[in-house]
Amino acid sequence: MKCIPFTMLVLTLSASSFFSQAQEKTTQPKQQSFKPGQIWYDDKGEVINAHGGGLLFDKGTYYWFGEKRGSSASEGVNVYSSKDLYTWKNEGLALAKSNDPTSEIATNGLMERPKVIYNPKTKQYVMWFHLELPGQGYKAARAGVAVSDKVTGPFKYVKSFRPNGHMSRDMTLFVDDDGSAYHIYSARENYDLRLVKLTDDYLSATTQDTLLFSNHREAPALFRKDNKYYLITSGCTGWAPNQASLHVAQSLFGPWKLVGDPMQGPLADKTYGGQSTYIQPVQGKRNAFIFMADKWNPKDLKDSRYLWLPVTFENQQPVVEWQDEWNLTRWKAQE
Ligand code: DGJ
C-alpha cells in the first residue's frame, strides 16, 4: 500500500475540516420563501438546529423550539425567533441538559419533540417534551415538563411522568380557543394515540385522558379550523419516512374519523421523505396553516432537514401539496 507523507495528511485533514465548517456557515441573502428539504440557515449563516419542533406566536414574534442534535446526541432544546417565518435568529438553548449524572435530564438521555405554550393565568411559558431517561434508550417513555418566565428561557426542568400511568413518547401540545390545553401522545409502545387535558397551570395531566385510536401512529400534529379538529400522524418506522394519515373530529375527545393520506405530489406516500411535527396557523392570514415535518438523517441527525408546506383545503378537507419553493403571499390577509 502506498504511504501518504505526514505533512500531506495534515494538510488534507485541515482542508477538509475547513470545507466542512465553511459548509455549515455561509452568508445568505435575505430569505423570502420556504425551500422544503434544502439546508436552512439562520440570520448568522449557521444551519438551523431545531428538530421535531413546534412554533409559538408570542407578542408579534414567532418562536421555533426544537431538538438540538449532534450527529446522534440529544443536546437540549434550541429556540429561534422570527417576525416573518423565513429568517430566524438563534436565541440559544431554551432548555439545557444537566451535567449532574443523577439528573433525569443528564446528557446521555433524550429530549425529543419539544413544544411550548404560554399560560396567561400563571404568566409562564410551559414546555412539554418526550423524555427518555439517561442510559435507557426508549424504555422510560415519559413526558417531561419545564417552565420559564421568559419565552426564550432558560427553562427550568420541573418533572417527568407517564400521564395517568400511560407510556408517553411522540407528542404535541394544543391550546384550544377556550384556553384549555392538551397533550396528545403515543402510548402503549406507540400502538395507542391518546389525548389528556392539562391542569389549569398547564404543568400536569388531569384524569380527562382518552384513547383517540389504536392505529400504531406517532408524530402527532393537530390544528383547529372553524369547529373541526384535524390531526396528522405518521406510522412507526423509526427515522424512516412512511405514509401520513389525517383524522378529523368535532370534539378533541373524539370520535376521530380516518380520512386518509393528506399529502399530494411526488413521494406523497412517504410524506415527501419527512415526518410530521407541528401545524402552525399563520397570523393575519385567513385559513392559513403551515405543515411542518422533519426529513430525518439518522446518520447525522443535526443535518436532518425541514419540510414546511402550505395546508390547503379541497372539499373542506386539508391537503398538503408538495412545493419546491413557496411563500406566504399565496394567502390573503385576514379581513
Ligand atoms: C420516530 C419518532 O417520531 C422520532 O421522534 C424519534 O423518536 C425516532 N422515532 C427514533 O427512532
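The values are calculated or read from the model by the stated rules, or taken from the named source; none is laboratory data. Because the structure is predicted, anything quoted here is derived from the model rather than measured. All Cβ positions, glycine included, derive from the backbone under ideal geometry; neighbour counts span all protein chains shown.
Tabulated data for the structure shown
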read-out	value
Of the criteria (1) touching a residue at least 60 places away in the same chain (Cβ under 8 Å); (2) of a type outside the set (D, E, K, R); (3) surrounded by 13 or more Cβ atoms within 10 Å (Cβ to Cβ), which one Ala268 fails	(1)
Ile279 vs. criteria under 15 Å from the mean Cα position of the chain (by Cα), touching a residue at least 12 places away in the same chain (Cβ under 8 Å) and within 16 Å of Trp322 (Cβ to Cβ)	no
Matching option when the condition is assigned to a strand (DSSP E or B) and out of contact with any Leu (no Cβ under 6 Å at 6 or more places or on another chain), among Tyr118, Tyr138	Tyr118
Odd one out for Val145, checked against (1) away from the ligand (no atom under 16 Å from the Cβ); (2) under 20 Å from the mean Cα position of the chain (by Cα); (3) part of a loop (DSSP other than H, G, I, E, B)	(3)
Selected residue (only one of Phe161, Phe129 is among the aromatic types (Phe, Trp, Tyr), surrounded by fewer than 19 Cβ atoms within 10 Å (Cβ to Cβ) and either at pLDDT 95 or above or within 16 Å of the ligand (Cβ to nearest atom) (or both))	Phe161
Check on Ser245, free of Cβ contacts under 8 Å to residues at least 40 places away in the same chain, surrounded by fewer than 16 Cβ atoms within 10 Å (Cβ to Cβ), of a type in the set (S, T, N, Q) and more than 12 Å from the ligand (Cβ to nearest atom)	no
Qualifying residue in the range 295-307 (condition: within 16 Å of the ligand (Cβ to nearest atom), in contact (Cβ under 8 Å) with a residue 40 or more places away in the chain and in contact with a Leu (Cβ under 6 Å, 6 or more places away or on another chain))	yes
Subset of the range 198-242 [away from the ligand (no atom under 14 Å from the Cβ), part of a strand (DSSP E or B) and buried (at least 18 other Cβ atoms within 10 Å of the Cβ)]	Leu198, Ala205, Asp209, Leu212, Phe213, Leu222, Phe223, Tyr229, Tyr230, Leu231
Of all residues making up the range 45-74, the number that are closer than 16 Å to Trp128 by Cα and part of a strand (DSSP E or B)	13
